[in-house]
Structure formats: C-alpha cells, structure tokens
1. Name the residues in the range 10-56 that are farther than 20 Å from residue 141 by Cα, surrounded by fewer than 13 Cβ atoms within 10 Å (Cβ to Cβ) and of a type in the set (D, E, K, R), would you?
2. So which residues in the range 61-95 are more than 23 Å from residue 270 (Cβ to Cβ) and among the hydroxyl-bearing types (Ser, Thr, Tyr)?
3. Considering only residues that are free of Cβ contacts under 8 Å to residues at least 40 places away in the same chain and within 21 Å of residue 164 (Cβ to Cβ), which ones fall in the range 209-244?
4. With the requirement that a residue be more than 17 Å from the chain's Cα centre (by Cα) and free of Cβ contacts under 8 Å to residues at least 12 places away in the same chain, what does the range 133-187 give you?
5. Search the range 255-277 for residues being of a type in the set (A, V, I, L, M, F, W, C) and in contact with a helix residue (DSSP H, G or I) (Cβ under 6 Å, 6 or more places away or on another chain), and hand back the single one that is nearest to residue 218 (Cα to Cα).
6. Which of the residues belonging to the range 1-41 are more than 21 Å from the chain's Cα centre (by Cα) and modelled with pLDDT of 85 or more?
7. With the requirement that a residue be in a helix (DSSP H, G or I) and of a type in the set (D, E, K, R), what does the range 17-56 give you?
8. Which of the helices (runs of 4 or more DSSP H) contained wholly in the range 131-205 include at least 2 residues that are surrounded by fewer than 19 Cβ atoms within 10 Å (Cβ to Cβ) and not acidic (Asp, Glu)?
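The values are calculated or read from the model by the stated rules, or taken from the named source; none is laboratory data. The shown structure was predicted, so the numbers you read here are calculated from the model rather than taken from an experiment. Glycine gets a Cβ as well: all are built from the backbone with ideal geometry, and neighbour counts include every protein chain shown.
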Amino acid sequence: MSTCPPAAAASNRPWALSTLPPFPAVALRILEELSKDDFELRQIVRLAESDPAFAAELLRVANSALYGFSYQIRSVQHAAVTLGTDFVKALAMTVAMRTYLKTALRLPVLRRCWRHSLACAVLASEIAPSQGVPGDSAYTAGLLHDIGRIGLLAAYPAEYANLLTVTLENSFDLLHCERELFDVDHCEAGGWLAREWRLPEELAEIAARHHEDLTEERSLMTAVKLGCLLADALDFSVLPRRGKYKFEEIAARFPDAQPLRRDAEELKTTVTRRIDALN
C-alpha cells in the first residue's frame with residue numbers, strides 16, 4: 001500500500017467538516033507507521049499499548065466472534081506476532097471507528113451506517129483472494145470506504161439521521177441530498193478526510209470513488225466496490241431496500257469470488273453474527 005499523502009490544505013476544508021471530533025490518534029499513528037517500508041513491529045505494539053483503554057478494546061474485539069479465532073489472543077504483542085501487522089492494522093481501525101462513532105450509534109438509523117461499513121469490510125476480505133489482494137488490506141479498505149459519511153454523521157448525527165429518513169421516504173438520491181445539505185457528498189468528504197488524516201493514498205481513492213461503476217479489473221478497489229454492493233444486496237445497506245443489484249446478479253458476474261458461491265441467507269447469517277459481536 002502506498003505511503004501516506006500530505007495532509008489536505010485547511011483552506012480547502014469543506015465547512016461541514018470544520019468541527020469534526022478528532023479521530024483516535026493511536027489508530028492514525030499505527031496506520032502511518034505501518035505505511036513505512038521500514039516499520040518496526042515493536043513500535044506498532046508500543047503505540048497500541050500506549051493507550052490502555054484502546055489496547056483493552058483491541059483485545060476484546062480480537063477475541064470476539066467478529067474474527068472467529070479458535071484460540072485466545074492474550075496481548076497486543078501476541079496478536080502482532082501470531083496474526084501479523086496487517087491484522088493489527090485492521091483491528092486498530094475497527095476499534096477506532098467504533099470509538100469515533102460511539103455517540104452517533106445511539107440513533108438506530110445511524111447504526112445502519114456502521115453495520116454497512118462492517119459488512120463491507122467482512123465481505124471485501126472474503127472477496128480479496130479472487131482480486132489478488134490481501135484479505136486484511138481489503139478489510140481495512142472496506143471498513144474505511146465510507147469515512148466521509150462517518151465524518152458527517154459524527155459531526156452532525158441528528159442532521160444526518162434526518163437526511164437519511166427524508167431520502168428514504170421520498171426515494172431521493174442520497175449523494176444529491178448530502179450536497180444540498182452539506183455542500184459536499186460523502187465520497188468527496190471521504191477523499192478529503194483521508195488526506196487530512198494522512199491515510200494511504202489508495203484508501204483515499206477508494207473513499208472518493210467507491211460509488212463509481214464496477215469494472216472487471218482485479219484490484220483492491222474492485223474488492224471494496226463488490227463488498228459494498230454485496231452488503232447492500234444482503235440488506236446491510238445504509239438505506240433499507242436500496243441495493244443496486246440482487247445477490248444473484250452479483251454472483252453471476254463474479255463467479256470466482258468465494259462468498260458468492262454460498263447461499264445468500266447463509267452468507268447473511270454469517271456476516272450478521274460477526275458484526276453483532278461488536279455490540
């Protein structure tokens with residue numbers, strides 16, 4: 001994955017993103033460290049353990065059904081050595097996103113946004129082998145693909161919840177409604193935030209372009225787009241019953257993707273069980 005890009009210029013900041021709560025610094029430092037070619041595992045573990053509450057939550061999530069390991073992860077060091085640094089990165093981002101959204105998740109309509117991101121992450125990681133990319137990288141990219149939406153709802157939870165309700169009731173276009181209310185849609189916001197938070201450029205591109213048409217190109221972008229469409233088809237969409245394609249249509253187009261070889265209800269049950277583990 002490419003190195004972190006320069007931070008976005010403050011003068012270009014959309015007004016709707018001017019009062020965002022800070023993203024957990026530990027997670028951003030871990031991600032930035034992992035983006036270096038010469039990172040040290042000891043430094044990753046040291047960063048994760050520098051915040052005891054964050055480290056404790058890392059272990060709780062690592063041992064949850066979200067990851068489904070048959071053995072217990074006893075420490076951050078154990079996770080890093082046994083499961084690899086990509087897993088620690090994915091784990092750190094999961095905990096950071098959940099912490100970031102803690103207040104907003106009290107609203108049921110916004111919990112759908114979080115469940116969609118988690119479902120996309122889980123599905124993208126399973127799709128990853130057919131796209132020739134690592135599963136942990138696809139999980140992280142899937143989890144962060146909607147960071148623009150996450151930023152908007154973290155800053156304006158009541159307003160964003162109302163926007164979703166109005167959009168659903170009137171069958172409006174979501175991106176258009178976001179631009180009308182915030183002067184920026186969540187894709188544009190995602191690209192800006194990724195650069196502001198110095199995330200790797202590949203993640204910034206995915207955040208900005210994940211609503212573009214799906215192509216047959218084998219890539220991390222395709223894994224995330226496919227995971228997003230599949231999440232919608234399995235009713236993990238942000239707006240209920242707004243999936244662009246049916247499960248059978250996606251399966252017919254991408255027969256090599258492992259999760260698409262399974263029964264839709266069985267796959268939905270598996271994903272539901274994994275993401276419910278974070279509650």
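1. 38, 40, 42
2. Result: 75, 82, 85.
3. Once the filter is applied, which keeps residues that are free of Cβ contacts under 8 Å to residues at least 40 places away in the same chain and within 21 Å of residue 164 (Cβ to Cβ), the range 209-244 yields 211, 229, 233, 235, 241, 243, 244.
4. 162, 166, 169, 170, 171, 172, 173, 176, 179, 180
5. 257
6. Across the range 1-41, the qualifying residues are 14, 15, 18.
7. Of everything in the range 17-56, those that are in a helix (DSSP H, G or I) and of a type in the set (D, E, K, R) turn out to be 29, 32, 33, 42, 46, 49.
8. Qualifying helices (runs of 4 or more DSSP H): 157-170, 174-182.
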